[in-house]
1. Can you give me the Rg/Rh ratio for region 2-89, using Cα atoms for both radii and the Kirkwood formula for Rh?
2. Between Trp37 and Leu16, how high is the FRET efficiency from 1/(1 + (r/R0)^6) when r is the Cβ-Cβ distance and R₀ = 25 Å? Nearest 0.05.
Amino acid sequence: MLNQLFLFNINGKRFLTASTITLTIVGGIGWLWHPFWWLLVLVIPTVIIGILDMLQTENTIIRNFPFLGHFRYLLLSISPEIHQYFVENNTDGKTIQQEPTGFGQLALGKAG
């Protein structure tokens, strides 16, 4: 586990660099303008989730892309709905009936 702390892949190093810069900027601006400290409510949990993602060993996508890897699984979980409403037509997967049935046949006078 100690090797994981020092041998992050390039995305992990970028995440740690971006997190450090973000925390420094928020801390510096918060020092001058105190309401800016509320931004830490969003930044600190994001950094913690990213670090925990880099340390876990079960999922390579989340490990290689800390924090952003969760969006892949979020999109995968809602992909059936997206596919249903934006990709499929109403006739996909069904046969198109050539003659009307039921009430349509009665209206046309073809019912036996």
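1. 1.13
2. 0.70
No lab work stands behind these numbers, since they all come straight from the coordinates. Keep in mind that what you see is a predicted model, and the values were worked out from it rather than measured. Cβ sites come from the backbone with ideal geometry, for glycine too, and all protein chains shown count toward neighbours.
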